[in-house]
Structures are given as structure tokens and as C-alpha cells.
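The block underneath contains the structure these notes are about, expressed in C-alpha cells.
Each reported figure results from applying straightforward, stated rules to the coordinates on display, with no laboratory input. Bear in mind the structure is a predicted one, so any value in this text is a computation, not a measurement. Virtual Cβ from ideal backbone geometry, glycine too; neighbours counted across all protein chains shown.
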Amino acid sequence: RIYYPLRLIRDNVLAIDGDTDRAIDIVEAFLPRIEDLRVRNGAKVVLLNFYSDSNKKEKFRPLAEEVLKAFSGSTSDYNHRNFAVLADGCGEHEFALKLNGVAEEAYRKDFEQKTDRAKERAKQFLASIIAERAVILLHAGRYTDSLATFDEAAEMAVRDVLGQPNLLLLYDGYLHHYWGLALKGAGDLKGAMDMLAYTATVKNDEAALADLMKIYLETNGDKEGFDSYLIQKHLDFSKAAPQFTLNDLEGREVSPASLKGKVILIYFWAHT
């Protein structure tokens, strides 16, 4: 009684290949037939996701406000965060900032109450939400505010092996991609290219690569030398492997220094 209607909605929607408006029609038509409140709210969340990717974006905000009133507690905090990203996609930037602010306040309280390793995890979640606020500000054209917010998030975030902030956002794409676009909007093309080059080379992000190519063409007039530029940036971001000494299968000592100048294949998951 609870799960079948939602499954039916999924089956109908999945049967439609990329026709978001038709998917919306199906879910909207099915909503009045759902008696269970939880399932009905779940169907409304499905609708919100479709609204943000359709020609019916004007329906997003009223339904989002309705759904948020039906949730409470930690679920509500997550939905505020999720809906902020969807509202941003609908062009509702101020509404998105409001929702993001509610989620940030809740996650900040959680961070302050945690201790030890749990506190570090909560801090990372908080940094991600702050970075999502920066993306919303970017889409709103508030580049200076966006850059300041990216700096705030980066200062709080855990670093990857290359010393760069490592954040998982609800948006498609990586932190440095959006950061680079904010730099471009602010007129810092060199900074934008560095950010985008990091995402394109280290993260293998094709969307960032496409944006990097556009800026390269703007600054150089054509794409001649782009491949060489990309290779050089990859080398710039690379980091030398630490020195170590291990025994091979024959019991002989092997170190990176002894293999310098040779092609090395490292098979981390080899069965021994």
C-alpha cells in the first residue's frame, strides 16, 4: 500500500526517454490517487526534481514550500540543502540562498556539538554546504561574494593529496570548476584557467575541459598549443611519489630512485 504507488510512478517515468514534461504530467495525474501521506510527499519530491529540469520551473517554489512544511528534523535539513540546489537550477537564486542558509545553520549546530572524528566529518559537510552557497552566488552573478564564499569553504575543507580542498557537492561537477567560473565572471581569466585546468586534468572533468578551451580561445585566438598547455598544467599539478623501499617477489629491494628514467606500472591490487 505504501510502496506500490511510488514504484508505479518510477516505472512510468523510467519508460519515458528524456521527455520531462510528459513525466511531470504522469506524476501530477497520479498524485490525487495516493492516499499515504509519506508516499505522496515522496512523489512531490520526484516532481520537484523534474520541475527544475523542465519548462515548468514556475511550479517549483510553491510545491517546495509545501513539501518542506511536511518534513521536520534532520530530514528537513537535508531537504533544504537539496531543494536549494534545485531552486538554483530554476533561477530562484534568492529562494535558493534562503534554503541553503537554513541547511547551513542546522549543519553548523551539528558541527559545534560533535567531538573528535565525528566533528571532522561534520566540518566537511558544513564546508560543502558553504561551497554550494558559493555556486548559487555564482549563478546569481554575484562573483565577488561567490569568490569570498569559495575561500571560506576551502579554508574549512579537508585537503587532497595535492593540497587542494576536497569537497563533494550536490551539484554535478567539481568544486574547482565552479570556482573557476566565478573567477572568470570576476575578470580573472588566468586564475580561472588554473582552476579549470586542475579540474580538467586531475579530475578528468570534460565539462571543465570545455570551459577551459573557451577561455583559451578567448585569450589566444585559436586552439594551437592547447594540448601542450594542458600537458604542462598536468605536470605542474603532479606531485613526486614519496621515496620507499620494498622487496619484490624475488626478495630484492626496490625503490623509486633505482627505477628513475624507466616506465613503471604499479598494480596496487595484485594478488600475492
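Tabulated data
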| quantity | calculated |
| --- | --- |
| Number of positions in the stretch 219-241 that are within 18 Å of Gln164 (Cβ to Cβ), in a loop (DSSP other than H, G, I, E, B) and out of contact with any Leu (no Cβ under 8 Å at 6 or more places or on another chain) | 3 |
| Filtered residue count, the stretch 134-166, keeping only those that are of a type in the set (Ser, Thr, Tyr) and free of Cβ contacts under 8 Å to residues at least 24 places away in the same chain | 1 |
| Residues located in the stretch 228-239, provided they are more than 12 Å from Ala200 (Cβ to Cβ) and within 28 Å of the chain's Cα centre (by Cα) | Gln232, Leu235, Asp236, Ser238, Lys239 |
| Test set (1) within 28 Å of Phe125 (Cβ to Cβ); (2) in contact with a Ser or Thr (Cβ under 7 Å, 6 or more places away or on another chain) - Ile24 fails condition number | (1) |
| Scope the stretch 180-234; condition exposed (fewer than 15 other Cβ atoms within 10 Å of the Cβ), in contact with a Lys or Arg (Cβ under 9 Å, 6 or more places away or on another chain) and farther than 23 Å from Gly141 by Cα; matching residues | none |
| Test: Thr115 is of a type in the set (Ser, Thr, Tyr) and surrounded by 14 or more Cβ atoms within 10 Å (Cβ to Cβ) | no |
| All positions within the stretch 86-107 that are over 18 Å from the mean Cα position of the chain (by Cα) and within 16 Å of Ala134 (Cβ to Cβ) | Glu94, Lys98 |
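Quick grid of which residues meet (1) more than 25 Å from the chain's Cα centre (by Cα); (2) surrounded by 15 or more Cβ atoms within 10 Å (Cβ to Cβ); (3) in a loop (DSSP other than H, G, I, E, B):
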site	(1), (2), (3)
Val27	yes, yes, no
Phe30	yes, yes, no
Gly42	no, yes, no
Leu47	no, yes, no
Ser54	no, yes, yes
Tyr78	no, yes, no
